[in-house]
Every structure is written in structure tokens, then in C-alpha cells.
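Below is one structure; the comments refer to it alone.
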Amino acid sequence: MTVSNEDDLAKLQEIGRIVANTLEAMAAALEPGMTTAELDLIGRKLLEAAGARSGPELVYDFPGATCISVNEEVAHGIPGSRRIQAGDLVNIDISAEKNGLFADTGASFAVPPITNATKRLCRDGKRAMWIGLRQVGANKPLAGIGQAIGQFAEKNGYTLVRNLASHGIGHSLHEEPKEISTWPDRSERRIMNEGLVFTVEPFLSLGAEWAEDGDDPWTLFSEPRAPTVQYEHTVVATRNGPLVVTLPG
């Protein structure tokens, strides 16, 4: 999607705030002993109360309102009977639609008590996302995002999952430009046009370089198995740089 008028931008910012507020509330409710289904229900109720519809449920018939991935699960975890335990690394990924527009956000949360390595991974995962976001702007190369994130990861001893990419969003949940690398990609030649809407969502890991299928049609696992975090915002490329729309408010 390319934002071309103030009305579209206002609608995009509205659904962006909705998913951001939902993520914030789910994170606040996260505690040992609850199931991922119970956590998902909190998200569902908040989305519905705001007049929004779950993106993965609407578009892909996903069996949950949100994606909740725990520990070895790196993405697209199905909410269910799994109980969250102290020390778990939980990723919550929320996308939703309202008034015909989609926004997408996500973050990883460590349930105390946690190791220093996990604490550092979460801190640096968020830093990696913002390093990528700072490369966003009208007429700038998309490749700059992955190059900057890759330099940060290498400098700090991390790997990046290289088959889970950022993507265009707006009128649909996944649209052009598709497969935006959050790792160095010499083949990337595309330029961000003014108003382009897409996600920035690096998967930073302590060793994983791939996401592989599990036993169900959805859940992806880190390969090799290693602690992995994902942080995600939806952003608009403007002449003044990145306009992040998935901030709570």
C-alpha cells in the first residue's frame, strides 16, 4: 500500500494503535500458569471491542486471534492448552483489520526469572528492529534495512533467521513489496517510494538461521534450536523518515 491521502493515513494509524494497545495489554497480562489460549482470548476481546478483526483469522483462517510462540517456536504459534512457565520466552504477534486497512506488530517477552543472556537478547532484538526502522524513508533503498540489521547482529554475536522476512501491508495483510530481507541481501534493488507501508520485523537469535515447519500447518521452529526473538512495527516511508503507526496511545 502507498498512503496517498490523510484519510488513509488516519485509518492506518487507528488500526495501528489498536494492535499496539492490544499487544501492550496482552504483555501486561502475561504470567506463569496461564495457557496461550487464555492469553489469546484477552487479545480477541480487545480487538473486537475496538471494532477490529484478527488478520490471520480473517485472511488465512488461522486457529486463533493472535499468534503466540513459546521458546523453540519462532513464529505462528497456535494458541492452545500450553501453559506458560517461569523462564519462558513468549512472542506475541498481532495483526488486525479495520475500515479495510491492516496493521501488524509483535514483540517477545521473557517471563521472570530470566538469564542475563535472555535479557540481553530481548534488549538487542528491540534495538535491531529500531536500527532497521531508522533506514526507512522515501527514495531510500530497501536493502539498507537488512544491511544495518546484519551489521548490528554480526557485531554483537547474533544470527538472523533468513526465511522470515518483512512485507508490505495495508489493503491486505501481506502485499507488495513482499520478502523484504532483514538480513544483508545483495540482490535487493528496490527503492521505497513515498508513502510505502510495510513492516520491519527482524528475528534475532542466539544461533538459529532458519525457521522450519513443525507438526501442525502453522507453527515454525528455530533451526538449529536456539532462543530467538522478534520485534515488529508497521511503518510508512516519508520524506522525513520512518512514520511508525503501531505505537500504543
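Just so it is clear, none of the values below were taken in a lab; they were calculated from the coordinates. All values derive from a computational prediction rather than experimental measurement. Cβ sites come from the backbone with ideal geometry, for glycine too, and all protein chains shown count toward neighbours.
General remarks:
- Qualifying residue in segment 223-239 (condition: part of a loop (DSSP other than H, G, I, E, B), over 18 Å from the mean Cα position of the chain (by Cα) and over 21 Å from Cys122 (Cβ atoms)): yes
- The residues of segment 206-249 that are over 30 Å from Leu196 (Cβ atoms) and of a type in the set (Lys, Arg) amount to a single one, Arg225.
- Residue in segment 40-50 that is in a helix (DSSP H, G or I), loosely packed, with under 15 Cβ neighbours inside 10 Å and not hydrophobic (A, V, I, L, M, F, W, C) present: yes
- Considering residues of segment 164-198 that are outside any strand (DSSP E or B) and within 14 Å of the chain's Cα centre (by Cα) only, the residue surrounded by the most Cβ atoms within 10 Å (Cβ to Cβ): Thr182
- Being surrounded by fewer than 20 Cβ atoms within 10 Å (Cβ to Cβ) and under 20 Å from Ser181 (Cα atoms) is true of Gly157.
- Single match in Gly55, Gly64, Gly77 (criterion: touching a strand residue (DSSP E or B) at 6+ places or on another chain (Cβ under 7 Å), surrounded by 21 or more Cβ atoms within 10 Å (Cβ to Cβ) and farther than 30 Å from Asn116 by Cβ): Gly55
- In segment 79-138, the residues that are assigned to a helix (DSSP H, G or I) and free of Cβ contacts under 8 Å to residues at least 24 places away in the same chain: Asn116, Lys119, Arg120, Arg123, Trp130, Ile131
- Filter result (among the small types (Gly, Ala, Ser) and not in a helix (DSSP H, G or I)) within segment 1-38: Ser4, Gly33
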